[in-house]
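K.L.:
Dumping the structure here so I can ask a few things about it.
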Amino acid sequence: MSRAGLVLLLAVCLLVAAPQPVGAEPPDREARIARLVADLDEFGTACQAAKLFKERNETYELLLRFAPDHPDARKWLKFKRTREGAWERPAGYKPPRNMKTVSAEIVASREAYGNRFADDTLAWIAAREPALTAALRATLLQEVALVAPHRADVRELHGEVQTAEGPWILRESLKAATRRGALKQAAADALADAPAAREDRPNRTENATRIAWKTILQGARVRVVGTVEAAEASRAHGIATAAFPLFEAAYGNPVPEMPNYVFMLVCTDTERDTLLESHPASTAEFRAFAKNLASGWFPKTTTAYARSAEAARRLEWVGRQTMGSLLRRRFSVRTAQGWAFEGFGLYLGHLLTGERQTFYVRRTQYDGSTDRDGDLWEKLTAEGADWRALGRTLLAGPRAPDLRLLLGKEVNQMDTEDLLASFLLAAYILEGRPEQVAAVLEAVGAGKRADEIVEGALGLDMASLELRLRRWLDETK
């Protein structure tokens, strides 16, 4: 490969160039990558000659991470250039199988080039610490882990642990095994411990709405006013009250105060329109904004409403709006930070109600119509939908959202794929990296850029986060 090609390779990998060598410093990045590419190409050729076609393709898939336009890799993996210059593979592509058994010599050869790359890279890292950034270090270790998965020292440095059964998994995956259950239990305990509310009479504001309220309950933290039966109002009060201790369990932070919190539940569009027209805090601007909304907050108040013909949807809005308001009050995260507002809200709201049907984002559209290719929206909203399984399919396919772009979107810019990816990312952070949850949300609320959030709060770069997220999903089914 030419020097120009190597320079391009470095740019694609998005990694900084090494400083000038001093004394007996380990090989710089350009030389290490060049040698690795040559080793991978040679090994792939050997696999082809040995009729180990599965091994050959896996080798060239790895090689493409370091040399995206490598001709042999693209040839064996059946890629072709489009007119626009992009690489595409036929939709029906299927990985080949080995025609012979993998020999001990092949295994030794693979480990040899892996050891060479690992030793050089670890020496390069050691020569630059502690000046090396956490994100760059994580990126380099991610690469070494891919090239030398047989090395226990590499796996440990990469943030993996070996299970009692033998396989290595990410530390995030090990944490998730207990953290997911702990959050579920925290929600169950908060719901069970929510104190009962007392029945009350309508106050001046509620009388002014000109709605015949059927049930009014006053609790220590929330007042529920509704045209619904007492049983639903009582459950709504329990959900809203439970949101406060669940917030603390999930984020590890003191719960923000929300004085005079009122939630109004209505069942019809007529009731919603009357409420928007007559509530003392409503304005013409707010009425125009909220006329088609299923749920919202009256301006400059701690009063929210939810309108639906279905009790399950009304109750889900109680959970989502309460958690969303607490998130805004503690971390300044709003709908402008769409992935966090939607992702964390869906995760924790589901723990409170068992539902995931209330969304702020728009449905994916293709050529003026909804997505016809297995409509993801329909799959997500189907009874018993497995969001994690759907997420694994999404992130492994061509419609996986670009995380860097996703972290910069407002909710009204997001589509169905963004919605699912946001939930997965929130789940990964809440379950797998609980110590960094507050730092992530503080960075989000402060308006930091995507790369600053990921590098500053998680110590990763975007490519490493994507790989860890996908692997974490596979390891935490």
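K.L.:
Just to confirm my filter: which helices (runs of 4 or more DSSP H) fall fully inside the stretch 129-230 and include at least 2 residues that are among the hydroxyl-bearing types (Ser, Thr, Tyr)?
P.N.:
The helices (runs of 4 or more DSSP H) meeting that bar are 171-193.
K.L.:
Let me ask something else about it. List the residue pairs whose Cβ atoms are under 7 Å apart, where the first residue sits in the stretch 315-327 and is outside the structural domain of residue 439 (by TED's automatic domain parsing), the second is among the hydroxyl-bearing types (Ser, Thr, Tyr), and the two are 6 or more positions apart or on different chains.
P.N.:
That search, which allows pairs on different chains as well, returns 315/353; 316/353; 316/358; 317/295; 317/358; 319/353; 320/358; 321/295.
K.L.:
Of the residues 192, 197, 188, which single one is out of contact with any Ser or Thr (no Cβ under 6 Å at 6 or more places or on another chain) and either in contact (Cβ under 8 Å) with a residue 12 or more places away in the chain or over 21 Å from residue 248 (Cβ atoms) (or both)?
P.N.:
197
K.L.:
State all residues of the stretch 218-232 that are surrounded by fewer than 24 Cβ atoms within 10 Å (Cβ to Cβ) and closer than 19 Å to residue 312 by Cβ; if no residue qualifies, say none.
P.N.:
Within the stretch 218-232, 227, 228, 229, 230, 231, 232 qualify.
K.L.:
Right, something else. Does residue 67 satisfy the condition of being surrounded by fewer than 19 Cβ atoms within 10 Å (Cβ to Cβ) and aliphatic (A, V, I, L, M)?
P.N.:
Taking the combined requirement at face value, the residue does not satisfy it.
K.L.:
Can you find a residue in the stretch 288-308 that is within 19 Å of the chain's Cα centre (by Cα) and surrounded by 21 or more Cβ atoms within 10 Å (Cβ to Cβ)?
P.N.:
Taking every residue of the stretch 288-308 in turn, none turns out to be within 19 Å of the chain's Cα centre (by Cα) and surrounded by 21 or more Cβ atoms within 10 Å (Cβ to Cβ).
K.L.:
With within 19 Å of residue 327 (Cα to Cα), touching a strand residue (DSSP E or B) at 6+ places or on another chain (Cβ under 9 Å) and either among the aromatic types (Phe, Trp, Tyr) or in contact (Cβ under 8 Å) with a residue 40 or more places away in the chain (or both) as the only criterion, which of 263, 286 stands out?
P.N.:
263
K.L.:
Separate question: Pick from the stretch 391-427 the residues that are within 12 Å of the chain's Cα centre (by Cα) and either among the acidic types (Asp, Glu) or assigned to a loop (DSSP other than H, G, I, E, B) (or both): which of them is farthest from residue 377 (Cα to Cα)?
P.N.:
Here the residue is 407.
K.L.:
Which residue, of 121, 133, is crowded, with 19+ Cβ neighbours inside 10 Å, touching a residue at least 40 places away in the same chain (Cβ under 8 Å), out of contact with any strand residue (DSSP E or B) (no Cβ under 8 Å at 6 or more places or on another chain) and under 30 Å from residue 451 (Cα atoms)?
P.N.:
Sole residue among the options that is crowded, with 19+ Cβ neighbours inside 10 Å, touching a residue at least 40 places away in the same chain (Cβ under 8 Å), out of contact with any strand residue (DSSP E or B) (no Cβ under 8 Å at 6 or more places or on another chain) and under 30 Å from residue 451 (Cα atoms): 121.
K.L.:
Looking at 328, 356, can you tell me which residue is closer than 22 Å to residue 440 by Cα and buried (at least 17 other Cβ atoms within 10 Å of the Cβ)?
P.N.:
Step by step, each of 328, 356 is checked, and only 328 is closer than 22 Å to residue 440 by Cα and buried (at least 17 other Cβ atoms within 10 Å of the Cβ).
K.L.:
Tell me which residues, restricted to the stretch 98-111, are assigned to a helix (DSSP H, G or I), surrounded by 12 or more Cβ atoms within 10 Å (Cβ to Cβ) and of a type in the set (A, V, I, L, M).
P.N.:
Within the stretch 98-111, 106, 107 meet the criteria.
K.L.:
So, one more: Can you find a residue that is at pLDDT below 95, of a type in the set (A, V, I, L, M) and closer than 30 Å to residue 245 by Cβ anywhere in the stretch 386-405?
P.N.:
Looking through the stretch 386-405, none of the residues is at pLDDT below 95, of a type in the set (A, V, I, L, M) and closer than 30 Å to residue 245 by Cβ.
The values are calculated or read from the model by the stated rules, or taken from the named source; none is laboratory data. Quick caveat, the model's predicted, so the values are computed rather than measured. With ideal geometry, Cβ positions are generated from the backbone for all residues, glycine too; neighbour counts draw on all protein chains shown.
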